[in-house]
Amino acid sequence: MKKEELPKFHETFNPILDILSEGNIIHHRELLKKVVDKYYSHLPKELLDEKTKSGEILTLNIFASVIITASFISPALISLK
């Protein structure tokens with residue numbers, strides 16, 4: 001991953017699993033915040049706030065599929081509500 005690029009879908013698995021490995025129950029928004037803070041805080045705020053054509057935050061869009069997948073692996077650790 002280049003310094004000024006959002007992570008690719010497949011590059012988000014390990015950071016998400018790392019945060020989940022702490023073993024705490026966590027809401028999906030808090031999980032996203034912790035992943036961004038720990039692994040992607042070097043990226044400019046403008047890049048992290050970039051939106052898709054439909055108006056969704058791109059970062060959330062990238063992580064959402066991985067978070068949903070992880071919730072099937074560790075359902076007791078992630079709150080999707």
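Numbers below:
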{"item": "Spans of helices (runs of 4 or more DSSP H) in the stretch 1-71 with at least 1 residues among the aromatic types (Phe, Trp, Tyr) and either exposed (fewer than 12 other Cβ atoms within 10 Å of the Cβ) or modelled with pLDDT of 90 or more (or both)", "result": "28-39"}
{"item": "Residue identified as in contact (Cβ under 8 Å) with a residue 24 or more places away in the chain and in contact with a Ser or Thr (Cβ under 6 Å, 6 or more places away or on another chain) among His42, His27", "result": "His27"}
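The values are calculated or read from the model by the stated rules, or taken from the named source; none is laboratory data. Note that the structure is predicted; figures quoted are calculated from it, not measured. Cβ coordinates were reconstructed from backbone atoms using ideal geometry, including for glycine residues, and neighbour counts include every protein chain displayed.
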